[in-house]
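Note sheet for the following structure.
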Protein chains: 2
Amino acid sequence: MQECLSASEQEYLKTVLLVQQKTGHVTIQALAARMEIKPASVSAMIRRLAQDEDAQGAYVMHTPYQGVTLTRRGEKVAMELLRHQRLLELFLATTLDMSWEQVHDEAEHLAPFISEDLEERIAARLGHPARDQHGDPIPSREGIVDLTDDMPLSALEVGMQAKVVRVPDEDPALLRYLATLGLIPGAWITVEARTPYGDILTVRMGEATHPLAGEVARGVSISAMSRRSAQASLEEQERKHEKFLT
Amino acid sequence: MQECLSASEQEYLKTVLLVQQKTGHVTIQALAARMEIKPASVSAMIRRLAQDEDAQGAYVMHTPYQGVTLTRRGEKVAMELLRHQRLLELFLATTLDMSWEQVHDEAEHLAPFISEDLEERIAARLGHPARDQHGDPIPSREGIVDLTDDMPLSALEVGMQAKVVRVPDEDPALLRYLATLGLIPGAWITVEARTPYGDILTVRMGEATHPLAGEVARGVSISAMSRRSAQASLEEQERKHEKFLT
DNA sequence: TTATAGTATTAGGTGAGCCTAACTTAGAGT
DNA sequence: ACTCTAAGTTAGGCTCACCTAATACTATAA
C-alpha cells in the first residue's frame, strides 16, 4: 500500500472518522464545520477520495445528498494519522511539559509530517501507551483501536461509581474547567443525582460534588470494567481498612 | 514583524544562507541544484522574495544575471529556520536516539512547522546548546551565530593539534565514514603531513593515522582557540603526567 | 401537493509552487 | 570584435486546495 495521500487528504479522512464516532452520521456540512472550510470544498475532496483511481479501492463511500462512510482502506489512513497525533500529544505533554491545550494544536500541525520511524521511536519511548493524556485511545500500528470497555459517563446510574478514562479535548476551556473539578482520567467519580428535567447530573469526586450538564457528561468516558455501586465501593473500602488493621 | 512566510519561502531563504556560507556567491543555479528544483522556479521565487510588497523591506537583493544576497530581514528568517532545524536534530538525536543521518531528513521536514514555543521548550530541555550533534552552530533566538572561533581543518599547519568542533552533515555516507575514523566533534586531531601534490592531509587521531582529502578537510571545522603545536601538546601531557605522579 | 428552507453539488476563479520550452544575457575563447 | 555556451529569464501550463456564486436536490410544513 503506497503512502501517497497529501496532508490535506489525510486530514479529511481523520475528520470523517471523528465525526462518525461523535454523531454516527457524516454529512458534508458537518465536515465543513469541523474543518472550518466551505462545503463546496469538502464536496470536491470527498468526490476525489470516493473514486477508485489506482484500482486499489477508494478511501470513502459517498452517496450524493446522503452520507459519507470510510472504507477499510480510508479508516486505516485515518487511524494512522490519529495515532501520530495522539502519540505526539502525549509525547509533547509528558516530555516537554506543554499544556494540554497547546499540545493539541501543535500535534495536529505536526502529525502529517512525522515519519513512521519517528512515530515508532516516540511510541517506544512512551512505553507503547494505549491512551493519550486525556484518555483518547491511541490506535495500534495496524490501525485498530479497542473501545469495548468505554462507556459515556451519562450512562451511569445514580449511586454508581466508576473510573474516568477519557475527557473531551476539543474545547480547551472545557478541558481546563474539568481539570479544576478534578475530573481527569484516572479519577473516581460517583453519580449522586440526576435531575428529571434539564439533564443535569450531580457527581462526586472525593470531597466535592458538582453539577454537570448532560452534554458534557456524554463527552466523558468511564471504564465499563470499573462500574460498581457506591455501596459496593464503600464495602470494598471497609474491607481494605480491616485488612489494614489486622 | 509578521511571520507570514510559507514553508517553501523560508526554505529558499535558508538555502540562500547555506550556499552563501559555503561558496560565498549565491547563483540561481546553485540554489536550484541544492533544492533539486528547476532554475526557472527558483528565478520566480527569488523575484517574489526580492520585492518589497508590504513596505517592510524585501528578504533578498537580486541583480538579474548577477547574484542573490540576503537582506538583514531575510537573514533573520533563515536563521530562525536553521535554529528550528538544528535544535530538532539535536533533540531527536539525543532524546530519541535516532541516527544522525535520519535525524537530518526528519528535522528538515519538521522545522518549518514547529511553533516558537515548542522550539523554546526544546532549547530549554537541551540546555540552550550552541551547537548540534555534528557541531553545526545553532543560531540564537535573535538570529545571531558566533563563528569567530571556527576555522577549517585544512588551515592547520603540519605538527599542529586542535579540537574538532564540526563535521559536514550534508552527505550521510561521508558522515558515517568520518565517524568510523573517530573524526567527530570533541575529538583531538593532529596534522602529521601534507602532500605537495594531490591535496591530501595525513591526520592522527589517538593511535591511528588516516589520509584525508583536502576537500573533506575543508568541510571539517576546528576550534581556533584550541590550536597548538603537537610539541606543546606533548609537553602539556607530560606536565599532567608529572602532576599525577607527585 | 406544492412551497420552501436547508443541504449538496457544479461551475468557474485564485494563489502557491512546481514544470517545460523558448528566449535573452553575460562572459570566455578564437 | 564575434561567436558560442552556460546561466538566467519569461511565457505558458499543470495540480492542489481553497474560494464564491449559482444551481439542484431533499424533506418538511402549509
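Spin-label model, residue A:228 to residue B:227: label points 7 Å out along the Cα-to-beta-carbon direction sit 7.6 nm apart. Electrostatic tally near residue A:28: other residues with Cβ closer than 12 Å to its Cβ, Lys and Arg +1, Asp and Glu -1, net +3.
Taking R0 as 51 Å, what FRET efficiency do you get between residue B:23 and residue A:124 from their Cβ-Cβ distance, rounded to the nearest 0.05? It comes out at approximately 0.80. Simple rule: put +1 on each Lys or Arg Cβ and -1 on each Asp or Glu Cβ in region B:1-142, find the dipole, and look at B:49, B:112, B:82; the Cα lying farthest toward the positive end is B:49. Report summary: the helix-based calculation at 222 nm, which adds -39500 (n - 2.57) for every DSSP H run with n ≥ 4 and divides by the residues of chain A, gives -14500 deg cm²/dmol. Its alpha carbons considered, the protein assembly as shown gives a radius of gyration followed by a Dmax of 29.5, 96 Å.
Counting only alpha carbon atoms, the long axis of helix A:100-110 and the longest principal axis of chain A meet at about 20°.
Separation of region A:1-51 from region B:112-166 is 43 Å, based on Cα centroids.
With the simple spin-label model, which puts each label point 7 Å out from Cα in the Cβ direction, the residue B:242 to residue A:140 separation comes to 7.0 nm.
If you wrap region A:124-179 in the convex hull of its Cα atoms and look at it from every side, the mean projected area works out to 5.4 nm². Would you kindly give the portion of the calculated P(r) for chain B that falls above 33 Å, as a percent of all Cα pairs? When all Cα pairs of chain B are counted, 29 percent exceed 33 Å.
Evaluated with a Cβ-only charge set (Lys, Arg +1; Asp, Glu -1), the protein assembly as shown carries a dipole of roughly 160 debye about its Cα centre, given to the nearest 20. Angle of helix A:39-50 to the longest C-alpha principal axis of chain A, folded into 0 to 90 degrees and rounded to 10: 80°. Using the Cβ-Cβ distance between residue B:38 and residue B:215 with R0 set to 25 Å, the FRET efficiency from 1/(1 + (r/R0)^6) comes to roughly 0.40. Computed about the Cα centre, the dipole magnitude for region B:136-210 is approximately 220 debye when only Lys and Arg (+1) and Asp and Glu (-1) carry charge, each at its Cβ. The charge dipole of region B:1-146, taken about its Cα centre with unit charges on the Cβ of Lys, Arg, Asp and Glu (plus for the first two, minus for the last two), comes to roughly 500 debye. Measuring r between the beta carbons of residue A:53 and residue B:171 and using R0 = 35 Å, the FRET efficiency lands at 0.40.
Computed over region A:150-231, the convex hull of the alpha-carbon atoms projects to a mean area of 4.9 nm². Here's the picture: charge each Lys and Arg Cβ at +1 and each Asp and Glu Cβ at -1 in chain A, and of A:224, A:168, A:94 the one pushed furthest to the positive end of that dipole is A:224.
Inter-label distance, residue A:181 to residue B:61: 6.3 nm, where each label sits 7 Å from its Cα along the C-beta direction. For residue A:128, what charge total do you get from the other residues with a beta carbon under 12 Å from its beta carbon, if Lys and Arg give +1 and Asp and Glu give -1? Around residue A:128, the surrounding residues sum to +3.
Placing a label point 7 Å from the Cα of residue A:197 along the Cα-to-Cβ direction, the residues of region A:207-222 with a backbone N closer than 19 Å are A:212-215.
Every number in this text was worked out from the coordinates using simple rules, so none of it is lab data. Please read all numbers here as calculations on a predicted model, not as lab measurements. Because the Cβ atoms are built from the backbone with ideal geometry, glycine has one as well, and the counts that use them run over all protein chains shown.
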